[in-house]
């Protein structure tokens with residue numbers, strides 16, 4: 001593995017008990033996993049800014065959570081952020097997303113598994129990620145399926161997650177490094193350090209494609 005660029009803050013060193021509680025929530029529920037928050041913990045304002053944004057805009061909010069989850073992983077696969085792209089929202093699984101839904105995202109236009117509503121959101125995500133021109137047709141499709149508040153939230157969320165993922169991939173951080181012991185929100189087959197190593201070494205691993 002490439003050299004890690006910024007150290008994790010040791011949870012035992014935290015003087016603010018609320019920060020430790022939040023890191024423990026990341027360990028137990030994931031998305032985000034604790035490693036990325038242990039990096040942000042160097043600056044408490046950054047730590048809390050991300051935690052609050054992620055809770056209110058991703059886990060909560062007005063736009064369907066499963067659509068935001070698909071858009072999040074579309075970003076991961078586009079920018080090859082392996083830290084983010086191998087996490088799964090527990091809430092999305094409870095709402096019906098299955099593992100196969102994550103592996104045709106870069107070919108969503110021709111994939112039969114996505115609804116027209118999901119494709120409209122993914123087209124918007126694609127335009128943001130790749131700096132594409134947003135045609136009248138794209139906007140008409142968005143308005144067919146989403147309200148203006150939903151479009152605002154979706155666009156803001158994609159922008160936030162794209163920026164964070166582009167940043168995190170420069171740091172060479174990895175899973176199962178901070179508050180270890182749970183596989184919460186890890187992709188199936190990557191729940192333990194040993195499984196995670198095998199998962200990444202498999203020839204079909206998405207980041208190798």
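Since every read-out is calculated from the coordinates, none of them should be taken as a lab result. No experiment lies behind these values; they were computed from the predicted model shown. Note: ideal-geometry Cβ built from the backbone for every residue, glycine included; neighbour counts use all protein chains shown.
Just a few scattered comments:
- With a Förster radius of 22 Å applied to the C-beta separation of residue 29 and residue 194, the computed FRET efficiency comes to 0.50.
- In degrees, nearest ten, helix 136-145 long axis to first principal axis of the chain (Cα): 70 degrees
- Considering only 161, 31, 180, the mean-square fluctuation computed in a Gaussian network model of the chain, springs between alpha carbons under 10 angstrom, is largest for 180.
- For the pair residue 137 and residue 99, label points projected 7 Å from Cα toward Cβ lie 3.6 nm apart.
- 0 to 90° range, to nearest 10: angle between helix 65-79 axis and the chain longest Cα axis: 80 degrees
- Taking the C-alpha atoms only, the angle from helix 148-168 to the longest principal axis of the chain is near 40 degrees.
- Linear extension gain, residue 144 paired with residue 159, 0.36 nm per residue minus alpha-carbon span: 3.2 nm
- Between residue 42 and residue 152, the simple spin-label model (points 7 angstrom out along Cα→Cβ) gives 3.4 nm.
- Just checking the listed ones, 175, 77, 42: in the Gaussian network model of the chain with Cα springs under 10 Å, the one fluctuating most is 42.
- Rounded to the nearest 500, the helix-only mean residue ellipticity at 222 nm of the chain stands at -15500 deg cm²/dmol, with each DSSP H run of n ≥ 4 adding -39,500 (n - 2.57).
- Shape call, segment 53-152: gyration tensor on alpha carbons, a/c limit 1.5: rounded
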